[in-house]
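The values are calculated or read from the model by the stated rules, or taken from the named source; none is laboratory data. Note that the structure is predicted; figures quoted are calculated from it, not measured. All Cβ positions, glycine included, derive from the backbone under ideal geometry; neighbour counts span all protein chains shown. Heavy atoms of the whole protein, side chains included, go into the accessibility calculation; ligands, DNA and RNA do not. Shrake-Rupley method; radii C 1.70, N 1.55, O 1.52, S 1.80 Å.
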Amino acid sequence: MQKSPQLKIDTTAAIVLTFVLAIACSTEELAERSTHRPAEPENSRNISSGPVYVEALGLKEDNSKAFLQIKGHLPTPCHRLSPPVRHQHSDTLSITLSSWQRSDVMCAQVLEPFVFYLELNDEELDLATVITCNGITITP
């Protein structure tokens, strides 16, 4: 039994469409894949700060940009990442992450996993032979 020309065209079109969609999805910038994005604390007296538990660091590249992938946990699901604090000292780039939450909100006391992609600039990459984040170290 021979396949009809229309069936061959439909199959080819489906394969091409699948390939195009796969490429489109993979070009999403890494920063957009972060599960949590840093935010300044709200203007409120009811804000308390907290730690960020970093478990792993990795260097990633996307669209000619370098990113530090930071994986870890926040103390609770109510905590938010504060903007990272960066310090360049000699050949070491130190990044400090902290968190904040509204202290007047009840929250489950369970760890909240996160992945955050921090874009690194060329100067940081050129100078740094060591990158640390909350006690975890990586060598680029």
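Couple of notes before you dig in:
- Residue match in the stretch 22-29 (condition: at pLDDT 80 or above and not in a helix (DSSP H, G or I)): no
- Looking across the stretch 41-58, the residues that are hydrophobic (A, V, I, L, M, F, W, C) and at pLDDT 95 or above come down to Val52, Val54, Ala56, Leu57.
- Filtering the stretch 32-59 to residues that are exposed (fewer than 15 other Cβ atoms within 10 Å of the Cβ) and not in a loop (DSSP other than H, G, I, E, B) leaves Glu32, Arg33, Ile47, Ser48, Ser49, Glu55, Ala56, Gly58, Leu59.
- Residue pairs whose Cβ atoms lie under 7 Å apart, sitting 6 or more positions apart in sequence or on different chains, and linking a residue in the stretch 111-140 that is on the phi > 0 side of the Ramachandran plot to a partner that is open to solvent by 50 Å² or more (accessible area, probe 1.4 Å), are Asn134/Thr96.
- Residues (of a type in the set (D, E, K, R) and open to solvent by 30 Å² or more (accessible area, probe 1.4 Å)) located in the stretch 99-140: Arg102, Asp104, Glu112, Glu119, Asp122, Glu123, Asp126
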